[in-house]
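Novice: Got a structure here, written out as structure tokens. Questions coming.
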Amino acid sequence: MSDLILETIGVGKKFGRFVALRDITAGFQRGQLTGIIGPNGAGKSTYFNMLSGAFPPTTGRILFEGRDITATPQHRFARLGIAKSFQITSLFPQLGTLENVRVALQAMHSRYDVWRARTRLHGLVEQAGALLEKVGLWPRRDRLAATLSHGEQRALEIAMALACDPRLLLLDEPTAGMSPEETRASMDLIVRLAAERTVILVEHKMKLVMGICDRLLVLHHGELLAEGTPAEIRVNETVKRVYLGQREH
Amino acid sequence: MGATTLRGTSRHDWMALAVRHRVLLSAVFLLVFPMLMPFKAIAVNILIYGLFAVGFNMLYGYLGLLSFGHAALFGGGAYACGIVMTRFGLPWWLGVIAAIGAGALIAAVMGGLAVRTRGIYFAMVTLALAQCVFYLAYQAGGVTGGENGLRGIVLEHIGPLDFLDPVTRYYVVAAFVVAALFALSRILASPFGAAMEALRENEARARACGFDVRTTRWLAFVLSGAFCGLAGAMQALHLGIVPIEMLSYQTSGTVVMMALLGGMGTFFGPFVGAGLFLLLENIVSLYTVHWQLLVGGVFIACVLFFPRGVWGTLLHALNRA
């Protein structure tokens with residue numbers, strides 16, 4: 001029996017009468033790097049948002065390590081061990097780069113202490129520094145997050161996601177809007193992170209995911225069209241017809 | 001170039017030093033403040049309304065939650081203090097403790113309902129709940145004195161201190177205000193203060209980090225209620241009566257104006273706003289009964305041209321220079 005870290009069972013989502021996602025049953029192996037791909041409007045982001053708890057599915061269940069998290073509010077996810085990065089960069093812009101990560105770490109330790117000094121939470125600054133080191137932002141630690149370059153902000157987001165030491169890391173189009181160099185650097189980073197934990201990423205740049213993912217899920221018109229290794233997906237006729245036939249992005 | 005950099009750095013060092021000792025600086029200012037005031041009588045009003053605005057600022061300034069129901073917390077505190085002293089005959093300091101508790105308790109109920117909403121709905125829910133408190137006090141005349149207000153709150157001596165002496169009274173109230181500012185400073189520097197910053201900066205990210213947005217807002221509301229309740233107790237002791245108007249929506253509007261005039265989200269801005277508002281009211285009303293027209297005009301000008309408020313604009317200019 002294989003070790004599934006995350007399962008979706010018959011998951012579907014309607015927005016009013018619009019069916020965004022229909023009956024997706026899929027399992028994600030622990031330790032693997034899985035890519036969710038599909039053309040624009042395929043339902044990738046909807047699926048991602050349900051996996052990360054942004055909103056609950058209309059039908060079906062989501063299990064994390066065998067535990068039903070379908071109705072779990074999102075702020076609990078970090079403590080469960082699930083972290084995400086947003087498609088559109090989402091930081092604390094007017095806080096320092098190091099403070100962004102320190103606050104994310106603090107959420108794991110102390111949220112309602114109104115009296116002691118935050119500086120008395122020993123070790124958080126050191127841990128934040130280590131995470132910045134990991135994503136290559138240590139030299140930028142004193143800058144305001146708002147003043148970082150786009151690529152640096154994406155890296156900072158990943159550092160913040162790592163703050164809860166997640167067993168499952170969800171990344172929504174981690175290279176969106178990046179230059180080719182930034183894309184390469186961030187792909188290297190993702191591969192390094194995937195060596196230590198389970199990673200699921202949504203991406204529509206096909207080439208990118210083919211090279212690094214262990215497994216792929218292909219969505220199309222809100223349905224699960226195919227799943228398999230990149231090599232299998234590459235030769236899958238249906239996938240070729242609906243997706244690879246299009247001009248590559 | 002080197003010299004300007006150096007000067008810039010030292011300016012910022014001064015600012016950082018001022019921030020670190022903000023409670024001490026505020027205390028020193030409040031100590032000399034009555035000596036600078038042409039109208040000694042309103043100095044104590046400025047303290048009390050400044051403290052009320054500090055409580056309001058906790059929600060609006062630091063979390064961006066615009067409440068139109070803070071009169072219920074201020075008035076609720078005043079009634080609690082007055083009721084404890086007049087109906088139960090207990091000492092004044094128990095009244096103060098009861099006021100802080102009542103402010104926090106009313107805030108806990110109001111906040112419990114209001115933090116589920118945002119924006120204009122938050123303002124409307126808080127306004128509606130505050131109106132409920134107003135009519136409750138209005139109807140329960142046996143306890144609250146109804147529309148005549150709660151009368152007969154007498155405090156003449158605190159130990160050897162003569163509370164009837166205006167200067168002594170000012171310093172007694174100032175002592176409570178400084179204690180409240182010390183508490184505020186602790187809260188802002190605490191892990192919870194960091195959570196409030198995170199929420200204000202980016203709610204979705206704060207949630208993803210693991211902060212519970214509703215509980216954080218609720219706790220800020222309760223703390224805000226405690227500050228406003230204390231301000232209410234000071235007002236009750238100062239006036240000797242609790243007028244029912246303390247609970248009216250005009251009181252809620254006044255504190256919004258004070259906080260905006262001073263500069264939302266600044267440590268000392270609420271006192272600047274309260275001072276400006278009350279000085280304008282007192283000076284202009286000497287010349288015309290239409291003083292609200294001028295205060296309203298100043299308020300509109302402030303919102304349009306100095307959205308950071310008077311104190312906020314000053315701090316911004318100092319920080320940038």
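Novice: Which condition number does residue A:104 fail, the rest of (1) assigned to a helix (DSSP H, G or I); (2) more than 7 Å from every other protein chain (Cβ to nearest Cβ) being met?
Specialist: Status for residue A:104: all satisfied but (2).
Novice: Looking at A:53, A:38, A:81, A:43, which is the one that is crowded, with 21+ Cβ neighbours inside 10 Å, within 14 Å of chain B (Cβ to nearest Cβ) and at positive phi?
Specialist: A:53 is the lone residue from the list that is crowded, with 21+ Cβ neighbours inside 10 Å, within 14 Å of chain B (Cβ to nearest Cβ) and at positive phi.
Novice: Quick check on the range A:160-183. Is at least one of its residues surrounded by 21 or more Cβ atoms within 10 Å (Cβ to Cβ), over 13 Å from the mean Cα position of the chain (by Cα) and without any contact (Cβ under 8 Å) to a residue 60 or more places away in the chain?
Specialist: No, there is no match, as no residue in the range A:160-183 is surrounded by 21 or more Cβ atoms within 10 Å (Cβ to Cβ), over 13 Å from the mean Cα position of the chain (by Cα) and without any contact (Cβ under 8 Å) to a residue 60 or more places away in the chain.
Novice: What is the one condition in (1) charged (D, E, K, R); (2) more than 7 Å from every other protein chain (Cβ to nearest Cβ); (3) over 24 Å from residue A:174 (Cα atoms) that residue A:111 does not satisfy?
Specialist: That leaves (2) as the condition not met.
Novice: Return the residues of the range A:145-165 that are more than 12 Å from residue A:186 (Cα to Cα) and within 11 Å of chain B (Cβ to nearest Cβ); say none if nothing qualifies.
Specialist: Within the range A:145-165, A:145, A:146, A:160, A:161, A:163, A:164 qualify.
Novice: So which residues in the range B:215-250 are surrounded by fewer than 24 Cβ atoms within 10 Å (Cβ to Cβ) and more than 14 Å from chain A (Cβ to nearest Cβ), if there are any at all?
Specialist: Residues satisfying the conditions are B:238, B:239, B:240, B:241, B:243, B:244, B:245, B:248, B:249, B:250.
Novice: Right, something else. Check off (1) more than 9 Å from chain B (Cβ to nearest Cβ); (2) buried (at least 19 other Cβ atoms within 10 Å of the Cβ) for residue A:95 and give me the number that stays unchecked.
Specialist: (1)
Novice: If you don't mind, there's one more thing I want to ask. In the range B:186-214, which residues are facing chain A (nearest Cβ under 9 Å), of a type outside the set (D, E, K, R) and touching a Lys or Arg at 6+ places or on another chain (Cβ under 8 Å)?
Specialist: Across the range B:186-214, the qualifying residues are B:189, B:190, B:191, B:192, B:193, B:194, B:195, B:198, B:208, B:210, B:211, B:213.
Novice: Taking the options B:310, B:295, B:255, B:303, name whichever one is β-branched (Val, Ile, Thr) and surrounded by 24 or more Cβ atoms within 10 Å (Cβ to Cβ). Spell out how you get there, then give the answer.
Specialist: Working: B:310 fails: surrounded by 24 or more Cβ atoms within 10 Å (Cβ to Cβ); B:295 fails: surrounded by 24 or more Cβ atoms within 10 Å (Cβ to Cβ); B:303 fails: surrounded by 24 or more Cβ atoms within 10 Å (Cβ to Cβ).
Just one listed residue meets the conditions, B:255.
Novice: On to the next question. State all residues of the range A:173-190 that are closer than 13 Å to residue A:134 by Cα and either among the basic types (Lys, Arg) or modelled with pLDDT of 90 or more (or both); if no residue qualifies, say none.
Specialist: To start, the set of residues in the range A:173-190 that are closer than 13 Å to residue A:134 by Cα comprises A:185-186, A:188-190.
Residues satisfying the conditions are A:188, A:189, A:190.
Novice: Also, I was wondering about something else. Checking residue A:160 against (1) under 23 Å from residue A:78 (Cβ atoms); (2) modelled with pLDDT under 90, which test does it fail?
Specialist: (2)
The values are calculated or read from the model by the stated rules, or taken from the named source; none is laboratory data. In this text the structure is predicted, and so the values were computed from the model without any measurement. Every residue, glycine as well, gets a Cβ built from its backbone with ideal geometry; the counts of neighbours run over all protein chains shown.
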